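To start, the structure itself, in structure tokens.
The values are calculated or read from the model by the stated rules, or taken from the named source; none is laboratory data. The model shown is predicted, which means the values in this text are computed figures rather than measured ones. Glycine also receives a Cβ, built like all others from the backbone with ideal geometry; neighbour counts cover every protein chain displayed.
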Amino acid sequence: MRIPFLSLFITSPFDGLLEHAEKVKECAWAFQQAIECYLSKKCIAFEEFRQEVITLEREADVIKRRIRGHLPKGTLMPIDKFQLFRYLKEQDTVLDRAEDALDWISYRPEPIIPEELKKDFLLLIDSNIDPIEEMSRMVLEAKKYFETFNETQRNLVKKIIRNLRRKEHEADKVEHELKRRIFEVKLDPVSVFHLIRLVEIIGSIADHAENSGDMMRAMIAK
């Protein structure tokens, strides 16, 4: 009889992973507000939202260090601890990329996004936020799986991972279309470079969310 994974720990590492995932999701909401503020000529709170993201990133780092520092040595685990660390790295990078995007914007604080591209940018944000929602749900359901080793629960986690991959693919399509449209708008070269790079940084959010799904798939593999 298999001993439930989480029963081997006084504190489950998945408790920390879930706490970290929720922090990433909280950061995503602040990130979305910051971008919407940046796109609005009336909003003056962009820097406040950016600082909120920075604060949340620091809080997530504390959780990350706690997870890494509290895995008992020599404890038998059905997953390799380095798989756990690789998963955590991808989940944490999602947050890092959101912070990177806002930092990049801050280098040119005056909005340069043409009016005809604003809806496309909002669509890009939405398409990269969706995978984060799935990532948080994936961690919750994976935690339940490692408590029970229930095959139905495992299949649910796999279903979420497939959905996460689908959402990342949709985000990629939005990113590519927006890049194409940027080159169709009359802008100076520096503005074109700034916008293209911004799109790439935002697009990498969904990429790392998908990577976290790949890491989770490896952890639940038999």
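List every residue pair whose Cβ atoms lie under 7 Å apart, where the two residues are 6 or more positions apart in sequence or sit on different chains, the first residue falls within the stretch 180-208 and is of a type outside the set (Asp, Glu), and the second residue, located anywhere, is buried (at least 19 other Cβ atoms within 10 Å of the Cβ) and part of a loop (DSSP other than H, G, I, E, B). Sorted first by the residue in the stretch 180-208, then by its partner, the pairs are Leu195/Ile113.
State yes or no: is Asp15 part of a helix (DSSP H, G or I), at pLDDT 95 or above and surrounded by fewer than 19 Cβ atoms within 10 Å (Cβ to Cβ)?
On the way: part of a helix (DSSP H, G or I): yes; at pLDDT 95 or above: no; surrounded by fewer than 19 Cβ atoms within 10 Å (Cβ to Cβ): yes.
Against the criterion (part of a helix (DSSP H, G or I), at pLDDT 95 or above and surrounded by fewer than 19 Cβ atoms within 10 Å (Cβ to Cβ)), Asp15 does not qualify.
Per the listing Gln51, Gln33, the residue uniquely within 22 Å of Leu198 (Cβ to Cβ), without any contact (Cβ under 8 Å) to a residue 12 or more places away in the chain and among the polar types (S, T, N, Q) is Gln51. Could you tell me whether any residue of the stretch 94-102 is under 19 Å from Lys41 (Cβ atoms) and surrounded by fewer than 16 Cβ atoms within 10 Å (Cβ to Cβ)? No: zero hits.
List the pairs whose first member sits in the stretch 36-48 and is surrounded by 15 or more Cβ atoms within 10 Å (Cβ to Cβ), whose second member is β-branched (Val, Ile, Thr) and part of a helix (DSSP H, G or I), and whose Cβ atoms are under 7 Å apart, counting only residues at least 6 apart or on separate chains? Final answer for the pair search is Tyr38/Ile105. Considering (1) modelled with pLDDT of 95 or more; (2) surrounded by 15 or more Cβ atoms within 10 Å (Cβ to Cβ), the lone condition that Ile220 does not fulfil carries the number (1). Would you call Ser191 of a type in the set (S, T, N, Q), part of a helix (DSSP H, G or I) and closer than 19 Å to Gln91 by Cα? No; evaluated as a whole, the condition is false for this residue. Set side by side, the residues Lys143, Lys64 differ, and just one is in contact with a Phe, Trp or Tyr (Cβ under 9 Å, 6 or more places away or on another chain), under 14 Å from Glu22 (Cα atoms), surrounded by 15 or more Cβ atoms within 10 Å (Cβ to Cβ) and of a type outside the set (Ser, Thr, Tyr), which is Lys143. Evaluating Ile201 against the criteria (1) surrounded by 15 or more Cβ atoms within 10 Å (Cβ to Cβ); (2) touching an Asp or Glu at 6+ places or on another chain (Cβ under 7 Å); (3) assigned to a loop (DSSP other than H, G, I, E, B) leaves one unmet condition, (3).
Scanning the stretch 166-185 finds one or more residues that are crowded, with 18+ Cβ neighbours inside 10 Å and either farther than 15 Å from Leu122 by Cα or modelled with pLDDT under 95 (or both).
From the list Leu88, Leu56, Leu122, the lone residue that is surrounded by 13 or more Cβ atoms within 10 Å (Cβ to Cβ), without any contact (Cβ under 8 Å) to a residue 60 or more places away in the chain, under 20 Å from the mean Cα position of the chain (by Cα) and part of a helix (DSSP H, G or I) is Leu56. On inspection, Val174 qualifies as assigned to a helix (DSSP H, G or I) and in contact with an Asp or Glu (Cβ under 9 Å, 6 or more places away or on another chain). With respect to Val174, determine if the residue is touching a Pro at 6+ places or on another chain (Cβ under 7 Å) and on the phi < 0 side of the Ramachandran plot. For Val174, the condition - touching a Pro at 6+ places or on another chain (Cβ under 7 Å) and on the phi < 0 side of the Ramachandran plot - is not met. If you check Pro109, Pro114 for being loosely packed, with under 15 Cβ neighbours inside 10 Å, under 30 Å from Val192 (Cβ atoms) and out of contact with any Cys (no Cβ under 8 Å at 6 or more places or on another chain), only one passes: Pro109.
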